[in-house]
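**Q** Here you go, one structure.
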Amino acid sequence: MDNHQEYFLRQTDGPTYNQYPDKGCNVSPSCFDCPLARCKHDDPAQYRQWLSNLKDSQAYQSRMQGAMIHVIAEQLGITERTVFRQLARHTVYLDEKERN
């Protein structure tokens, strides 16, 4: 292998010679501080589940603080029926957590 080929291979060897800034995303300002196990771009299903759990928790906390169902729905941008489903899911999650 001559020097030109060796140089070409080293320069195109992958991300080793590139610097990628850690700009984060809407989940976390930094990839290193992200609560997700895998990047939302690599595992969209996990991201959707995390987002659903987050909204469930927000709906539950708002309800425990005395917020009305229609107000919670408006704050989260969802229907009132979805708020009822989220509250039910979160209550089941808390019951399971207490049992363990």
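The values are calculated or read from the model by the stated rules, or taken from the named source; none is laboratory data. Everything numeric here is computed off the predicted structure, so don't read it as measured data. Here the Cβ positions follow ideal geometry from the backbone for every residue, glycine too, while neighbour counts run over all protein chains shown.
**Q** Mind checking which residues of segment 29-62 are hydroxyl-bearing (Ser, Thr, Tyr) and part of a helix (DSSP H, G or I)? Working first, answer last.
**A** Narrowing segment 29-62 to residues hydroxyl-bearing (Ser, Thr, Tyr): 30, 47, 52, 57, 60, 62.
Listed by number, the residues that qualify are TYR47, SER52, SER57, TYR60, SER62.
**Q** In this structure, is ALA45 within 23 Å of VAL92 (Cβ to Cβ), aliphatic (A, V, I, L, M), within 10 Å of the chain's Cα centre (by Cα) and modelled with pLDDT of 90 or more? Quick ask: steps written out before the conclusion?
**A** On the way: within 23 Å of VAL92 (Cβ to Cβ): yes; aliphatic (A, V, I, L, M): yes; within 10 Å of the chain's Cα centre (by Cα): yes; modelled with pLDDT of 90 or more: yes.
Answer is yes for this residue.
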